[in-house]
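Beneath this line is the structure, given in structure tokens, with notes to follow.
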Amino acid sequence: MHESLIKPQTYNLPTQEELWQKIQQIAQARYQHTVDQRIAGFHKLSCLRELCQSVGLKLIAKDRSEFTAQDIGGIEPILKCIEQSSDDAKANIDIGQKYMNEGNPQALDSFLMATQIIMNLFGSMHRDLGSCLSKISNVYFRRQEHEQAIQFQKQALQIYVNIYGLDHPITISALNGLSLYYFSWKKYKEAFNYMIHALYLTQVVGGEGQVVYNQFTNLSYLYSESGQHQGALNCQFEALERCETLYKTYGGDSPQFRLKLCNYYTAIAMEHGEIGDQQKAVDFYAQ
């Protein structure tokens, strides 16, 4: 028998450590950037997550405060294609945005026309459609037509969840929008539910970043408006602590940091005044 002229080759998948080492080498060779062996902190974690999604590295789902090579669960194929868009729809969206900025009621007609064009061409699951529906909900919100605003924002949220996933900044922004609409409609229970959901996802996606302490600030406003001043205080103190930690770690003692502290101390003083603790209110105003 003659030996086969073509010998089968054995391909071994790279180990987690080899994958991470390759990423470090590419970052150094192409961008002259040295990637730390152990990545921790808000900015690094969020950037790393985006990188892994872009190149097809699957991360193990868990709550993490740091990242190691063992957190890589495998490799997924990434399908890249040019997403189709409509010039007519874009023109209507741009005109609608211009009208909305001017307070012109014709903004709604432009957005509705763009929505119809997108649905006719690309169907009901397109990112431009989600953006357009969100803008329509904003128009209704400015008109104080809360029910209509919520209806369109929920449609936009469903599209974002299907396209981007739950833990994406655009999806989280849509959740925040729903919370705001319910809050303005004085439906505090629904507003709390969406705000807490958005806060949880923000922590998962971004760690201890600015968006997180802003979410605690927004939640404190919900508590305060609904008369739950102790809950508002708890959120303000949580936001203050996270703000101090973040700026001391990344920003240092800057005018922006001092202004943030001033705003938190003022808000905390006002809440103490609401619950009748005048001495603490005066103390925080002094700070």
Would you mind working out the accessible area per residue for region 150-287, using a 1.4 Å probe, and quoting it in Å²? 51 Å²
Starting from the Cα of Gln151, move 7 Å in the Cα-to-Cβ direction to define the label point; list residues of region 108-136 whose amide nitrogen is under 17 Å from there. 108-109, 111-113, 115-116, 133-136
Between Gly73 and residues 5 or more places away or on another chain, which pairs have amide H atoms under 5 Å apart, with H built 1.01 Å from N, and which residues are they? Lys58, Leu59, Ile60
Provide the per-residue ³J(HN,Hα) series for region 133-146, in order, calculated from phi with Karplus coefficients 6.51, -1.76, 1.60 and θ = phi - 60°, each as a whole number of Hz, with x at glycine and proline positions. 5, 5, 5, 4, 4, 5, 4, 5, 4, 5, 7, 6, 9, 5
Apply 1/(1 + (r/R0)^6) to the Cβ-Cβ distance of Arg143 and Ala91, taking R0 = 30 Å, and write down the FRET efficiency to the nearest 0.05. 0.80
Magnitude of the Cβ-charge dipole of region 116-263, K/R +1 and D/E -1, about the Cα centre, nearest 20 debye? 320 debye
Just how many % of Cα pairs in region 138-249 lie over 17 Å apart, if you round to the nearest whole percent? 56 percent
Working note, region 84-145: Cα radius of gyration (Å, one decimal) and Dmax (Å, whole number) are 11.0, 34
Could you check how many percent of all C-alpha pairs in region 117-195 are farther apart than 21 Å? 25 percent
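The values are calculated or read from the model by the stated rules, or taken from the named source; none is laboratory data. The shown structure was predicted, so the numbers you read here are calculated from the model rather than taken from an experiment. Every residue, glycine among them, receives a Cβ derived from its backbone with ideal geometry; neighbour counts consider all protein chains shown. Just the protein is used for accessible areas: all its heavy atoms, side chains included, with ligands, DNA and RNA removed. Shrake-Rupley method; radii C 1.70, N 1.55, O 1.52, S 1.80 Å.
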